[in-house]
Amino acid sequence: MTQDPDYGPRLSDEEYERRLTRLYENLPPVPTRKQDRQLRRQQLDLAIDHRLGRNFPQDRRQALWAVQQRLERKHFLRGWSYFLKRLLGRSRTGNARGLADFLMEEYGKVLSKSELEQFFGREEVRHPDLPVDPDPPK
């Protein structure tokens, strides 16, 4: 069994929630693209501080940010794919599972297996999935 890497103290659940709340309280009602991008980056940094530790290396934080941006672009493309599949009557469950697998694969390019488990949870890493309503019966 591998030991979890130690990146210093982690934010407690309560502190993580407080800081997330503060991010949204300081956001204008209609944020600009730049503000939205900064918010997403700050959310990622808070998640890293909470799940991996405050001393997680800056270069690897930047690499995770690059992964997140790729995932957002891929998500947009998958949204169009999902729309087309719905028009053609194909499965949305498989589409969500594929996106979850892709997410684990991309984050796995930056994080070790034990880091992935710390960040997402052991069960999620073993069986990646996204919450979706099951496909309706035909």
Report task. Work out, step by step, the length gained on full extension between Lys113 and Leu23: first 0.36 nm times the residue separation, then minus their alpha carbon distance; give nm to one decimal. Result -> 29.4 nm
Query - Approximate spin-label separation Gln35-Met104, in nm, with each point projected 7 Å along Cα-to-Cβ - result: 3.8
Query raised in the report: Going by average Cβ neighbours within 10 Å, how do the peptides 39-51, 20-32 rank, with the highest at the top?
Result: 39-51, 20-32
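Where a number appears in this text, it was derived from the coordinates with a stated rule and is not lab data. Everything quoted here is computed from the prediction, not taken from an experiment. Please note: Cβ atoms are built from the backbone with ideal geometry, for glycine as well, and neighbour counts cover all protein chains shown.
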